[in-house]
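Since the structure comes first, as structure tokens, the remarks are kept for the end.
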Amino acid sequence: MAATTDTLGIGEVSARTGLGVHALRFYEREGLLVGPVHRTSGGRRRYSALDVDWLLICVKLRESGMPLADLKRFADLVRQGPGNEAERFHLLDTHRQRVDAQIAALEECRSVITWKVGIYADHLARGEADGLWDPTGRPGTPLKILNDDYWCTT
């Protein structure tokens with residue numbers, strides 16, 4: 001019975017990883033784990049600390065947008081063991097580049113939002129919020145082009 005004291009049930013793993021029990025079963029079914037999930041004599045899943053560590057990596061890869069197919073390929077490579085590190089590196093580096101591009105796009109979005117918040121804050125502080133943005137094109141709400149991408153009515 002010592003094996004069950006060193007392992008975790010599916011509910012405990014769910015709590016530690018943030019993955020629901022259905023997601024954990026899906027990960028197992030789709031071959032996204034690097035080792036087999038052991039079972040009790042009653043058929044209940046038992047996970048090791050290594051399984052939890054791997055799942056935490058998987059969670060971050062998925063949260064950052066790694067496609068399931070890439071995650072599955074990565075798990076396959078890890079299961080194969082030494083000798084494919086260059087392929088693992090390429091897969092992870094490609095994903096990192098996608099994440100970097102997403103971060104850059106989000107930073108650009110944040111910059112535009114910050115700029116607009118500043119305009120609204122300034123106008124509201126001066127009590128001059130009328131006509132900040134009027135998409136109806138009513139007279140008295142001219143648009144000023146700041147550059148090729150952004151407009152404002154100030």
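The values are calculated or read from the model by the stated rules, or taken from the named source; none is laboratory data. Just so you know, these numbers come straight off a predicted model, no measurement behind them. Cβ: placed from backbone, ideal geometry, glycine included. Neighbour counts: every protein chain shown. For the accessible areas, the whole protein counts, side chains as well, though only heavy atoms, and no ligand, DNA or RNA atoms are used. Shrake-Rupley method; radii C 1.70, N 1.55, O 1.52, S 1.80 Å.
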Residue pairs, Cβ under 6 Å, 6 or more apart or interchain, first in the stretch 48-69 and of a type outside the set (Ser, Thr, Tyr), second open to solvent by 20 Å² or more (accessible area, probe 1.4 Å). List them. 52/16; 54/34
Among the residues of the stretch 50-95, what is the count of those that are of a type outside the set (Phe, Trp, Tyr), assigned to a helix (DSSP H, G or I) and touching a Leu at 6+ places or on another chain (Cβ under 8 Å)? 18
Residues in the stretch 32-86 that are of a type in the set (Asp, Glu), closer than 19 Å to residue 16 by Cα and surrounded by 14 or more Cβ atoms within 10 Å (Cβ to Cβ) total 1
Return a yes/no flag: does the stretch 126-133 have any residue that is open to solvent by 80 Å² or more (accessible area, probe 1.4 Å), in a helix (DSSP H, G or I) and modelled with pLDDT under 95. yes
Note on the stretch 34-48: residues out of contact with any helix residue (DSSP H, G or I) (no Cβ under 6 Å at 6 or more places or on another chain) and in a loop (DSSP other than H, G, I, E, B) are 35, 36, 40, 41, 42, 43, 44, 48
